[in-house]
Amino acid sequence: MLETHQKLTIIGVVLLVITFLINNYHQKVHPDEELNYAYVTGIAMLIAFSISFVIFTKDRLKS
C-alpha cells in the first residue's frame, strides 16, 4: 500500500505532465491570451509536492 506522501508525489507528477501539456497548447494555439490555465495546475502541483515533502520529512525526523 502506498503511503500518503507517495500518493501526493504521484499526483504531483501527473499535474506536472498536465501543466506541461496545457502550457504547450496555450503557446501554440493562444499565444496572445494573457490567462494561461497552466498556472492553475502548476500551483496545484507545487502544493502537492510541498505537502508530500513536509509529510515525508516529518516521518523521517520521527524515526
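Being open to solvent by 50 Å² or more (accessible area, probe 1.4 Å) and not in a helix (DSSP H, G or I) is the filter here; which residues of region 5-49 pass it? If the condition is that a residue be open to solvent by 50 Å² or more (accessible area, probe 1.4 Å) and not in a helix (DSSP H, G or I), then His30, Pro31, Asp32, Glu33, Glu34, Leu35, Tyr37 are the ones that fit.
Return yes or no: is Leu61 modelled with pLDDT under 95 and either assigned to a helix (DSSP H, G or I) or open to solvent by less than 80 Å² (accessible area, probe 1.4 Å) (or both)? Here the answer is yes, as Leu61 does meet what is asked. Within region 21-34, residues that are on the phi < 0 side of the Ramachandran plot and in contact (Cβ under 8 Å) with a residue 12 or more places away in the chain reach partners that are in a loop (DSSP other than H, G, I, E, B) and open to solvent by less than 100 Å² (accessible area, probe 1.4 Å) with beta carbons closer than 6 Å, at six or more positions or on different chains, in the pairs His26/Asn36.
The values are calculated or read from the model by the stated rules, or taken from the named source; none is laboratory data. Since the structure is predicted, the reported quantities are computational estimates derived from the model, not experimental observations. Here the Cβ is made from the backbone with ideal geometry for all residues, glycine too, and neighbour counts use every protein chain on show. Keep in mind that these areas ignore ligands, DNA and RNA; they rest on the heavy atoms of the full protein, side chains included. Shrake-Rupley method; radii C 1.70, N 1.55, O 1.52, S 1.80 Å.
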